[in-house]
Structure formats: C-alpha cells, structure tokens
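A short worksheet on the structure shown next.
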Amino acid sequence: MMTDCPLLDVRSVTKMYGRRIGCSSVSFDLWPGEVMGIVGESGSGKSTLLNCLAGHIEVDQGQVFFDTRSEGMKDTLLMSEPERRMLSRTDWAFVHQHARDGLRMSVSAGGNVGERLMAVGARHYGNIRNEAIDWLGRVEIHHSRIDDRPTAFSGGMQQRLQIARNLVTGPRLVFMDEPTGGLDVSVQARLLDLLRSLVREMGLSAIIVTHDLAVVRLLADRLMVMKDGYVVESGLTDQVLDDPQHAYTQLLVSSVLQV
Amino acid sequence: MNEYNFAYLDEQTKRMIRRAILKGLAIPGYQVPFASREMPMPYGWGTGGVQVSAATLTPKDTLKVIDQGADDTTNAISIRKFFQKTANVEVTEVTKDATVIQTRHRIPETDLSDEQILVYQVPIPEPLRFLEPSEPETRKMHALEEYGLMHVKLYEDISKHGAIATSYAYPVKVEGRYVMDPSPIPKFDNPKMEMSAIQLFGAGREQRIYALPPYTKVVSLDFEDYPFEASKAEHSCELCGSHDSYLDEVIVDDTGGRIFVCSDTDYCSSQQQIIKEAV
C-alpha cells in the first residue's frame, strides 16, 4: 500500500515536569505498516513520549498529526476529548507493560475482548462472542478459556489477552509500552513471534517503547534512542544497532549480554 | 405541638434540595450532586428519599410509604411516622389516595396519575460503579456518553448464566441520553417507569438526586439476540389470585413449604376486597 502521507507526524513534542524535562522537541514520521522502536534507559523519557503521543498526558508544546479516516491529517492534541477518546478505542490501541493496567481483571476474557466492540456499538451477543473466540485463537488462547477471568491466566496469557482486546477493532496504530517486560524469555519469544506476525498480517503501524534491544531488533523497522529526554540517535534499526554513532548508543549496544 | 420545622429540614436546606430536583427534572437521568444532610436514621434506611420527600411535601399532601411494596414493614412505618410527627401530613396506604409516595425498591401495581410524585430511595446511584470504581472516570463516561461498559456487564451475565441474570437495578437509558440506575426495583417494574407521575430519586449517602419527568422515554438495555424481559415468578398470588402483579416468595414452615404473594400489599388487599364483594 503506497501512500504519500505518513500515518503519524510528530513535530517537536515537548513535555516538562516542572523544571525537569520529560521529553524535549521530539519529531518523527511514522508511515503506514511501519514499526518504530524507542529505546533508552529508565527515566530517559520514552514512556513520557509514548503517553504524550497517545494523549494520556498533556503536551506542553508541539503537534501530533494523525491521518484520520474521515478528515485526513489532524492534530490530535487539538481534538476535543470525545473525538480523541473515540480515536483511542477505534484506530488506536495501547498495550501496557502490566497486563493488569490494560485489562479488566474482574471481567471474563470474552468480556475483555468484547468491550471495545460494545464501546463502538456492537449489540449482538452472538457476534461479539464469535469475534472474541476468533481473537482468542489468534493470540493462541484456547477458546475453552473464554469465560475465565484474567486472574486465572498466566502472565504471558494475560499479555496476549491484552493484545487481543486491543486489536479487536482493527486499529491502525498500536502504542506498546514494554510489551514483553516482566515475562520470562521463552514466553517473551513467543509473544514477540505473535506480535511480529500480527503486525505483518494486519499491516499495523506500531510504536514500541522498550529497553530490550532484542525486541526492537526483531520487531522495529526504525529506531530512536533517547537519553535524558532527548532523541540522541535515530535511523534504521540494523543500522543503529550495528553501527552506533552516539556515545550513549554505543554504550547501550555494548551493554547487552552475549550468551 | 411543633418543635420541628415543617418536614424536619430547615427552609434553606429544602430550597437547596428543590434546586437539585429541578435540575434533575431538566436533565432526565443526570445525577445532580447535592449537599445531603444527616438525617435521624442510618444511611441505607432511605436518607436520600426522606430528604427528597421532605423538600417535596406540602401541608396539604397525603403521604404513602412503601418498602418492597409493603406498607407495614419497619422501614415504611418508621418513615411514615417520621413525617406524621415532623410534618403532620395525612398518611394513607391506598396508592390512588396518595399525592407523594416514597418507595423502597418497588413501583406500585396501581397506575400512578399526573397528580402524584413517586420518590425512590437509592443506595448506589451510579450504574457504572461496579465496573469502574473511579468517580471522575464515570462522570466523564456519562458526559461523553461512553456506555459500552454497561453492555460488558450484561455480556458477563449471559456468558455466566446463559441469560441476562440481572433481575433488579436493571440499567436503563433515559431519553436516549443518560444511562441510569433505576434503584433496586425488580426489572419487572422497569417498563412501568414510562408513567404520568413525576419520579424523583434520592441517594443520601452518595449525595445525588436524579429525576424522570412524566412520560420520559426509559429503555432497558439489552442485546439484539437477548432482548430485555420483565420477568416475575411463574405463579399467581396465594392471597388474591392475581396473575400479573409482582410476587414475593414466602417460606411458611420448616419443611420447605412456600407460597407466592403480591409484594404490593395495598394492591393485594384491594384485589381481595374485589373478590369478596363479588361473592
């Protein structure tokens, strides 16, 4: 699919916490079907940036243009709240690091997946349930677990359920905050595999925040490295990881344990 | 004798409550915050309903108080006595003679007229509360009309029980806008809410008042393939034989014996009267 405008156009987004910098004049484009990785150490402003882009926290300066279905490029920061919330449950998705933050723990798996459908007006129980069963299958959760609560699921399953819940309305842009954090390595590998195939299949664009370089190596087309609220280096993932230019990126790449 | 101001509350407080009631009537189904007062009864005993009744009553009114349909239960009797003492108003058990009816968890079987006001006691006014614990968030959801979550609750019901098992406090949508908790009335009563009387809802502990003007459109939420059903026990009343009134199940002995009787005592006795006269 060739288009001549990016899906997301971020222009000098700045967020201050009092006199401290959250993130400072970050600009980038994200094209349809592209996966952008944001790496950096704790406190480098990557989660702040993600929350700014997703509209969870207020931005001090800058613009975030999104290619809306009805009106084309539109600054999401100037949208009214109903409009932005509508966007965040249709065209956008947000995968939290802790599945508990993104799931309703007291609602069954099927209800969790169905919530976004019902939020956009689905009112046929049978259809909602079939869709939920289909999506549980796609994230490798057996359909017999549809009426179980997420509290009865393992960490990896909860994370996959969160992904199903987010993707059920066919979003075009997914924000992911450390999607593999807190999972053991074999579960991480499976989740990454799943994410990669979903991103490819659905032609999703994604912004993935992580401190795990292996995650971006596998998933991301492009990479931004953040430090102290600034983007210090950006480029194609392989290029940045194989030939890091900035001192901090070099440190980051050399810090990865080789097994 | 009257050491109390009329209907217990002072005039300024009643004005404040009336303002909330008027606002509630102007925005049907919207929960209006009000400065709920402490009443000489515990929370959960109808402090909200009592304050709304106190602000609504005039010396010429005739009051009826029911608790689960009955006129002769503790809650009903104590509230009735409270207003007899503090407002010195006429009281009655006959639905059609009353001008103000305070109710806990039922709508009378007898149709109400446009001369009457029905006051509900509400424990938890927020229909979204058990799904979304945050008050700022639920207010935002009401403001932005984001009611998908309400259907998640019904979805859970069907997936667990095979049918919508919510049988009381069944959520309704008012005039196509606000989702409202009808207080814990049985869902059998939901269709009756489109009526000619004014309906006022008072939640004392939660400090909210909301209202339905006469003939307001009230739709019970449901799914296309699981439509709303105003259900009741599949029996007729043991005492009056009525088939279409809401029934209470009463255990009568230690060996599992049970009977079904009308929960609306006034309706039941009037039906019995009709039968007696016919014989």
If you go through the stretch A:126-150, how many residues are facing chain B (nearest Cβ under 8 Å) and in contact with a Gly (Cβ under 9 Å, 6 or more places away or on another chain)? 4
Applying the selection to the stretch B:76-88, what residues are open to solvent by 10 Å² or more (accessible area, probe 1.4 Å) and closer than 19 Å to residue B:120 by Cβ? B:77, B:78, B:80, B:82
Scope the stretch B:3-48; condition in contact with a helix residue (DSSP H, G or I) (Cβ under 8 Å, 6 or more places away or on another chain), closer than 17 Å to residue B:124 by Cβ and modelled with pLDDT of 95 or more; matching residues: B:30, B:31, B:32, B:33, B:34, B:36
Pull up the stretch A:74-118, narrow it to residues that are hydrophobic (A, V, I, L, M, F, W, C) and more than 20 Å from the chain's Cα centre (by Cα), then point me to the one that is most open to solvent (accessible area, probe 1.4 Å). A:78
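How about the stretch A:101-125: which of its residues are of a type in the set (Gly, Ala, Ser), facing chain B (nearest Cβ under 7 Å) and closer than 19 Å to residue A:141 by Cα?
Result: A:108, A:110, A:111, A:114.
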Would a scan of the stretch B:7-22 turn up a residue that is part of a loop (DSSP other than H, G, I, E, B), more than 22 Å from residue B:214 (Cα to Cα), free of Cβ contacts under 8 Å to residues at least 40 places away in the same chain and open to solvent by 50 Å² or more (accessible area, probe 1.4 Å)? yes
Test for residue B:100: is it touching a Leu at 6+ places or on another chain (Cβ under 6 Å), without any contact (Cβ under 8 Å) to a residue 60 or more places away in the chain and more than 29 Å from residue B:179 (Cβ to Cβ): no
The correct count of residues that are open to solvent by less than 60 Å² (accessible area, probe 1.4 Å), part of a loop (DSSP other than H, G, I, E, B) and touching a residue at least 40 places away in the same chain (Cβ under 8 Å) in the stretch A:139-165 is 3
Given (1) within 14 Å of another protein chain (Cβ to nearest Cβ); (2) open to solvent by less than 20 Å² (accessible area, probe 1.4 Å), number of the condition residue B:129 does not satisfy: (2)
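Answer yes or no as to whether residue A:42 is farther than 15 Å from residue A:174 by Cα, of a type in the set (S, T, N, Q) and within 14 Å of chain B (Cβ to nearest Cβ).
no
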For the stretch B:135-194, how many residues meet the condition of being charged (D, E, K, R), at the interface with chain A (Cβ under 9 Å from one of its Cβ atoms) and either touching a residue at least 40 places away in the same chain (Cβ under 8 Å) or surrounded by fewer than 22 Cβ atoms within 10 Å (Cβ to Cβ) (or both)? 5
Just checking, how many residues over the stretch B:51-94 are over 25 Å from residue B:34 (Cα atoms) and of a type in the set (Asp, Glu)? 4
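Quick grid of which residues meet (1) surrounded by 15 or more Cβ atoms within 10 Å (Cβ to Cβ); (2) within 14 Å of chain A (Cβ to nearest Cβ); (3) touching a Ser or Thr at 6+ places or on another chain (Cβ under 6 Å):
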position	(1), (2), (3)
B:214	yes, no, yes
B:220	yes, yes, no
B:225	no, yes, no
B:231	no, no, no
B:237	yes, no, no
B:246	yes, no, yes
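The values are calculated or read from the model by the stated rules, or taken from the named source; none is laboratory data. Keep in mind the model is a prediction, meaning the values are calculated, not measured. Quick reminder, even Gly has a Cβ in these numbers, built from the backbone with ideal geometry, and neighbours come from all protein chains shown. Ligands, DNA and RNA are stripped out before the accessible areas are found, and what is left, the full protein with its side chains, is counted by its heavy atoms. Shrake-Rupley method; radii C 1.70, N 1.55, O 1.52, S 1.80 Å.
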